[in-house]
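Below: one structure, written as structure tokens.
The values are calculated or read from the model by the stated rules, or taken from the named source; none is laboratory data. This one's a predicted model, so the numbers in the text were calculated from it and none came from an experiment. Virtual Cβ from ideal backbone geometry, glycine too; neighbours counted across all protein chains shown. Remember, those area values only see protein heavy atoms, side chains included, never the ligands or the DNA or RNA. Shrake-Rupley method; radii C 1.70, N 1.55, O 1.52, S 1.80 Å.
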Amino acid sequence: MTAEFTTRSAADVVAGLSIEQKAALTSGENFWETKAVGDVPSIMLTDGPHGVRKQTTGADHLGIGDSVPATCFPPAVALGATFDPQLLERVGIALGEEARAENVGVLLGPGINIKRSPLCGRNFEYLSEDPFVSGELGAALVRGLQSQGVGASLKHFAANNQEHDRLRVSSDVDERPLREIYLRGFERVVTAEQPWTVMCSYNRINGVYASENHWLLTEVLRDDWGFEGLVVSDWGAVNVRTHGLAAGLDLEMPATGGRSDAEIVAAVHAGDLDEAVLDVAAERIVSIVQKAVANARDDASYDSSAHHALAREVAGRGIVLLKNDNDLLPLPSAASLAVIGEFARTPRYQGAGSSLINPTQVDDALSSIRARHDNPDAVTFAPGFTLDGSEGAGLADEAVAAAAVADVAVIFAGLPAAEESEGFDREHIDLPAAQLELIDRVVAANSNTVVVLSNGGVVRLPFAPAVPAILEGWLLGQAGGSATADVLFGDVNPSGRLAETIPVRMQDTPAYLDFPGERGHVRYGEGIFVGYRWYDARETDVAFPFGHGLSYTTFAYADFAVTADAAGLTARVRVTNSGERAGREVVQLYIGLPESTVQRAPRELKGFAAVDLAAGESREVEIVVPREDLAYWDVRAHRFVVEGGEYAVSVGASSRDLRSNATAAVEGDEVLVPLNGESSIGELSADPVAGPMIQQAMSELMGTEAAAIASQDSIHKMMASFPIGRVANFGVGVDPESVQQLLDAANAQRQTPNA
Ligand code: BGC
């Protein structure tokens, strides 16, 4: 049966099914499986994203019931900070191996929503505040996963950037930010990797539920981007099932006990739903089931220790060295150390909710530090605080006393698990007061203090000026403890970069006044100015900028050159490791168009490349920016358009550590917006065809002298905003017909410029 099933065309399989059978295919059998119908077997979909959460008992989307042991790779927050697509592809491959070993057909991830506000409770599950980073890294994860014959589910589509009221809220987003920021990463992944499935989100977009949004699920996703897979609902996201089906939502999950299938059947019989629509959805489901079945292997297994080692490697790459005054790090392996903070012993390595993985093993930093130290007895430990915030002063006093007598104090601080979860947002970005106080006291007792942070969303760092060395350790997965020791002792030279800005205070953040909305709506008032685009446009100070991350060595940049051609831009720069140990630099390319006719961020990341260099080694790095990546979304033409002009191109080690600047002249795409009575005199004058025509008409009407006066700067500016159709209202001898004639002539000539 199976061999025949997988080789038949999906249309042929579906042609043999009744309406009831086809409808049955379009919703789950239970929480995690599709229905077996006729010749079509059932397959399993399961969370995701940074491990396989295959439940053994119970079924829930909240991470409550048990699941089989699986490698807990670093959650997306740390994956994003690696800025390393090759590494993430390897993570994808490992996830695929584990999914196959568990007979899982589709793994529910990656999540690539934009981190719009630091308060989003699920930011730990997302990659970046920047769509280029989210898109590139998301694509790498999908590529790796699907290379193993396991489908990805790119989620949550779309504009799902908060947890507050997530099942109802309407994300009210203007066309430009929607396309340029919130959809662009999805577009990259879909066009580059064809994920088997896309998961529509719970929320509404501009008033319409994602799950029944024809524009989103069909016009954008399929017609514009060419998506060939199936759309699955987020668990329980369906509003009206038949509307969803007609909009392009193929598979409803989990199961409704046959209720929604019956609604579909009734709608087809009543003539309210075209059976052809049902056929298409059923065919898409059959195609994915065929792929999953064809790739399933009864004997599939994976090497859990190799995956643990990979989790450690990735975690080491995700750690960001924020600060390292006087080269306090790496730690000498003989220094006496006061390790402080409960997180050193009891690591926080993932967030709560549907992504909660049951790890195969967990490394804690304290044991790993002791194991790596020349003399484990020289490493003291004081918890300093409790995870739930109970008890206080005694633990803190003990920790400060330990810090005072050690060569170096290393404090593990972080957010309580209860503050970060799927399902609700954070209320602030502060570490617990007891921890902040402890850090102040420890650094006062020992100026050689290192702070290691565990947090899924960014936190305020009021202690940053006083503390000489800070490692941002995010949530690092099951091998985070050993990876932290690797970085502390310099076995791994840190190369992680901030994929999101660390602000000075919440009030500075882009969505501060528009998050999480009210009365069922959240207005994306900051428009395209999300993340560093906002701070840069407003020249706001930040604690640590997007793209920032130090190394134990230093890098010098030279010979930066940019060339432009029809295919886009090519930038080249020579990077030299100017320090004393091998290291990895993430070279970042930012582009702006200062003279743009539309609002723009001062600079946007358009390319990055990592380069590994031995001490003293030097290499040329090339970054290519395809022309389409220069485009902005034109709200007149409703498409991406490359604006012509002199682009400012910068290369650097972060968005605020630009080492070299260049310019590149780029020819623009032509955008022909038809001219009509609403077109202003200014717009017409600026048009290469209509401009001279208008000039001539004015000379004829007013005489050359008066026309010359009219073209004077101030008069010209005054007249520029007049819609041409209104000129006839001023009794200056211009009638509507002659205006229309001029417009017709100009439009005709613009269509066929050489005629
Ligand atoms: C989450 C999804 C998840 C699904 C299944 C939902 O609550 O939003 O990300 O894949 O549950 O657990």
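Here, the chain is characterised by an Rg to Rh ratio of 1.03, where Rg is the alpha-carbon radius of gyration and Rh the Kirkwood radius. Counting only Cβ charges, +1 for Lys and Arg and -1 for Asp and Glu, the dipole size of region 308-521 around its Cα centre is about 340 debye. Annotation: peptides 100-109, 580-589, 122-131, ranked by per-residue average of other Cβ atoms within 10 Å with the highest first, follow the order 122-131, 100-109, 580-589.
Protection proxy ranking of 258-265, 58-65, by the mean of other Cβ atoms within 10 Å over each peptide's residues and highest first, is 258-265, 58-65. Contact order, relative form, for the chain: 13 percent (alpha carbon pairs under 8 Å, 6 or more residues apart, mean separation divided by residue count).
Using only Cα atoms, tell me the angle between helix 259-269 and the longest principal axis of the chain; keep it within 0 to 90° and round to the nearest 10. Tilt relative to the chain: about 20 degrees.
Can you find, among LEU438, ASN358, GLY51, the residue sitting farthest towards the positive end of the charge dipole of the chain, where Lys and Arg contribute +1 and Asp and Glu -1 at Cβ? After comparing all options, I get LEU438.
Solvent exposure of the chain amounts to 38 Å² per residue of accessible area, where only protein heavy atoms count and the probe is 1.4 Å.
Here is the size of region 419-536 from its Cα atoms: Rg then Dmax, 16.8, 52 Å. What does a probe at SER9 reach in region 36-80, counting residues whose amide N is under 20 Å from the point 7 Å along Cα→Cβ? Zone members listed by number: 39-40. Helix 304-318 against the longest principal axis of the chain: what's the angle in degrees, Cα atoms only, rounded to the nearest 10? The two axes meet at around 60 degrees.
Cβ-Cβ distance of ARG639 and ALA582, R₀ of 41 Å, FRET efficiency by 1/(1 + (r/R0)^6): the value works out to about 0.35.
Compared with the alpha-carbon gap, the fully stretched path from MET718 to ALA566 is longer by 50.9 nm at 0.36 nm per residue. With the charge dipole of the chain set up from +1 on Lys and Arg Cβ and -1 on Asp and Glu Cβ about the Cα centre, the Cα lying farthest toward the positive end among the listed residues VAL379, SER654, GLN712 is that of VAL379.
Computed over neighbours whose Cβ is under 12 Å from that of ALA479, the net charge equals -2, Lys and Arg +1, Asp and Glu -1.
Estimated from the Cβ-Cβ distance and a Förster radius of 35 angstrom, the FRET efficiency linking ALA335 and THR554 is about 0.95. Mind running the shape call on region 582-734? Use the C-alpha gyration tensor, a ≥ b ≥ c as the square roots of the eigenvalues: rounded below 1.5 for a/c, prolate if a/b tops b/c, oblate otherwise. Prolate, since a/c reaches 1.5 and a/b exceeds b/c. Rounded to the nearest 5, the antiparallel percentage of DSSP beta bridges internal to the chain is 60%.
Taking other residues whose beta carbon is less than 9 angstrom from the beta carbon of THR576, and scoring Lys, Arg as +1 and Asp, Glu as -1, yields +1.
For region 611-618, 3J(HN,Hα) computed residue by residue from phi via the Karplus equation (6.51, -1.76, 1.60; θ = phi - 60°) reads 9, 8, 10, 6, 3, x, 6, 9 Hz, glycine and proline entered as x. Here the 3J(HN,Hα) profile of region 681-695, calculated from phi with Karplus coefficients 6.51, -1.76 and 1.60 at θ = phi - 60°, is 4, x, 4, 5, 5, 6, 7, x, 8, 6, x, x, 5, 4, 4 Hz, Gly and Pro shown as x. Rounded to the nearest 20 debye, the dipole size of the chain about its Cα centre is 640 debye, using +1 on the Cβ of Lys and Arg and -1 on the Cβ of Asp and Glu.
Site pair GLU20 and ASN326 shows an inter-label distance of 8.0 nm when each label is modelled 7 Å from Cα along Cα→Cβ.
In region 278-342, a dipole from Cβ-located charges (positive for Lys and Arg, negative for Asp and Glu) runs towards its positive end, and of VAL320, TYR302, VAL286 it is VAL320 whose Cα lies farthest in that direction.
In the assembled protein chains, MET702 presents an accessible area of approximately 80 Å² (probe radius 1.4 Å). With contributions of -39500 (n - 2.57) from each DSSP H run of at least four residues, the per-residue ellipticity at 222 nm computed over the chain stands at -9000 deg cm²/dmol.
Taking the 1.4 Å solvent-accessible surface of the chain as the whole, the part contributed by carbon and sulfur is 49%.
Can you bin region 508-655 into rounded, prolate or oblate? Criterion: square roots of the alpha carbon gyration tensor eigenvalues sorted a ≥ b ≥ c, rounded for a/c under 1.5, prolate for a/b above b/c, oblate for the rest. Taking the square roots of the gyration eigenvalues as a ≥ b ≥ c, region 508-655 is oblate. The Cα atoms of region 44-259 give a gyration tensor whose axes a ≥ b ≥ c have a/c under 1.5, which makes the shape rounded.
Rounded to the nearest 10 degrees, the angle from helix 85-101 to the longest Cα principal axis of the chain is 70 degrees. Among the protein heavy atoms, those of HIS164 account for about 90 Å² of accessible surface (1.4 Å probe, every chain in place). Put simply, when 145-151, 274-280, 506-512 are sorted by average Cβ atoms within 10 angstrom per residue, most first, you get 145-151, 506-512, 274-280.
Relative to the Cα centre, the charge distribution of region 20-93, modelled as +1 at Lys and Arg Cβ and -1 at Asp and Glu Cβ, gives a dipole magnitude of about 80 debye.
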